[in-house]
Every structure is written in structure tokens, then in C-alpha cells.
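Only one structure is covered here, and it is reproduced in the block below.
The values are calculated or read from the model by the stated rules, or taken from the named source; none is laboratory data. Everything numeric in this text was worked out from a predicted model, so none of it was measured. Note that we place each Cβ from the backbone using ideal geometry, even for glycine, and neighbour counts take in every protein chain shown.
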Amino acid sequence: MSIIAPSLLSANFACLRKEITDLQTAGADWLHFDVMDGNFVENISFGLPVLKSIRPLTNLAIDCHLMIAQPEKYVEAFADAGADIITVHAESSVHLHALIAKIQSKKVRAGLAINPGTPVSFIKPLLHMVDMVLVMTVNPGFGGQSYIKEMEEKVKELNHLREKNDYHFEIEVDGGINEETAKRMASLGADIFVAGSYVFKHKDYSEGIKALIEATK
């Protein structure tokens, strides 16, 4: 069963409580929380204070995607602030094994993200221990970008490795996700679909979420 995770990066920050309530009512499974530091990526978004503020507002899992340099300095704080899943970038740390273990020691699910230019082989030694792999289908940093079709091969490869080795990780895709791209990715083995612009462009968020659910069945 697919998981739909609307990205709060596309929400109206002036009424974030209402946005979260509306997403939950509309049938969202998770909330995707994009953290950007202006260093690892060029954009700056939100961080710990916002996470602490929204955690009491919902029972939905909060999927924290850390697009930041030196994430090992901050993962414990994000876990303590209420993250259910913490995803770090394979390109952001030279001590990935220790970083994944550190996240999991906080009883939080650990994800590993790869940018469009990073091959699956780079994280292959860690696939046995991660809870989730996030395949970026755009270059990270800004919402509303066009989907990079070549990333479909990564999802296909990850799904093959998962089945061959009986690994337990889920596959998440993020960037340019709509009905068409979600359907293709689901057929290749993706489980979790992050959608920002696509969901929030609908006046009724349930329309976008239901369309993604149908597309990924």
C-alpha cells in the first residue's frame, strides 16, 4: 500500500495549523518536512522551532528530510523535537554508517537520500541497515522542479536489490511527483510519494491525494 507524504514546503506558512489539519482530513499518510540550510543546498527553509510547534498538531508521521551539511550535529535534536523519520543525504557526511546508527539509537526510522548525480552503488553497503531510501527525482533545494525521468532506473535497481537480499527498506521518491510520474514509480517498486506543488495546487487537497492513491495502486 502506497504512502502519500505532502511536502509542507509548498504549504501556506501563514496558516500552517490549518494546512496540517486540512492535509490530515484530506487523507495524507505522512507529512514531509524539508529542512534546508543554505549550505548543502542553496535554499533556506525551516528547522527545529517549526517542527516543535507542529508536532502537537497532528498524529501523522513527520518525515524529516535534512538537506543540510553535517547532519550528525543535529539528528538527535530533530528526533527529540518529534521526527518519526529522519532522512540524511549520502553526500552530506563521510561517516554514514555511524550517522544511520545514531538516528536509529533514538528510536527513529533512518532514511538515506541520494541526489540525481549519485548512483545506488554509493549506498549499497548500507542498504541492509536503513529503513528507507529516498531517490531525489529533482536536484534538491527548491519545490516545483521538473521530474528527471532517468531516476526511474535507480528505483528499479533498489527494488531489485531489496528483493534479492530480502532487505526491509522502503523506497521514497521526491520531486515532480504527479499522477503520471507516481504511477510509473509505483510500477517500479516505489512505496512513498512526496508531493508538494501537485497536492497544494488543488483547492481541495483530497482531490490531489486521492488521485495519487489511485495512481499508485
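Counting only residues that are out of contact with any Pro (no Cβ under 7 Å at 6 or more places or on another chain) and within 26 Å of L212 (Cα to Cα), give me the helices (runs of 4 or more DSSP H) lying completely in segment 30-109 with at least 1 of them.
Helices (runs of 4 or more DSSP H) meeting the threshold: 48-54.
Can you run down the residue pairs with Cβ atoms below 7 Å, 6 or more apart or on separate chains, where the first is in segment 9-24 and closer than 17 Å to A195 by Cα and in a helix (DSSP H, G or I) and the partner is at pLDDT 95 or above and of a type in the set (D, E, K, R)?
Between residues of segment 9-24 that are closer than 17 Å to A195 by Cα and in a helix (DSSP H, G or I) and residues that are at pLDDT 95 or above and of a type in the set (D, E, K, R), the close pairs are L9/D34.
Quick check on this structure: which one of V50, V94, V88 is aliphatic (A, V, I, L, M) and modelled with pLDDT under 95? Talk me through it step by step, then tell me what you get.
Details: V50 fails: modelled with pLDDT under 95; V88 fails: modelled with pLDDT under 95.
After applying the criteria, what remains is V94.
Residues K210, K149, K183, K156: which one is in contact with a Leu (Cβ under 6 Å, 6 or more places away or on another chain) and at pLDDT 95 or above?
Only one candidate passes the filter, namely K156.
Limited to segment 94-119, what total is found for residues that are crowded, with 19+ Cβ neighbours inside 10 Å and touching a helix residue (DSSP H, G or I) at 6+ places or on another chain (Cβ under 7 Å)?
9
Exactly one of (1) touching a helix residue (DSSP H, G or I) at 6+ places or on another chain (Cβ under 6 Å); (2) surrounded by fewer than 16 Cβ atoms within 10 Å (Cβ to Cβ); (3) within 13 Å of F142 (Cα to Cα) is unmet by K52. Its number?
Here K52 clears every test but (3).
Please count how many residues of segment 138-194 are surrounded by 20 or more Cβ atoms within 10 Å (Cβ to Cβ), part of a helix (DSSP H, G or I) and either out of contact with any helix residue (DSSP H, G or I) (no Cβ under 9 Å at 6 or more places or on another chain) or of a type in the set (G, A, S) (or both).
Of the residues in that region, 1 qualify.
Quick one: what pairs do we get from segment 102-119, first residue more than 17 Å from E172 (Cα to Cα), second assigned to a strand (DSSP E or B), C-beta under 7 Å, 6+ apart or different chains?
Listed by first residue and then by second, the contacts come to I103/I86; I103/A110; Q104/A110.
Please specify each residue of segment 1-23 satisfying the condition of being among the β-branched types (V, I, T) and surrounded by fewer than 22 Cβ atoms within 10 Å (Cβ to Cβ). Write out each step before concluding.
Narrowing segment 1-23 to residues among the β-branched types (V, I, T): 3-4, 20-21.
Scanning segment 1-23 gives I3, I20, T21.
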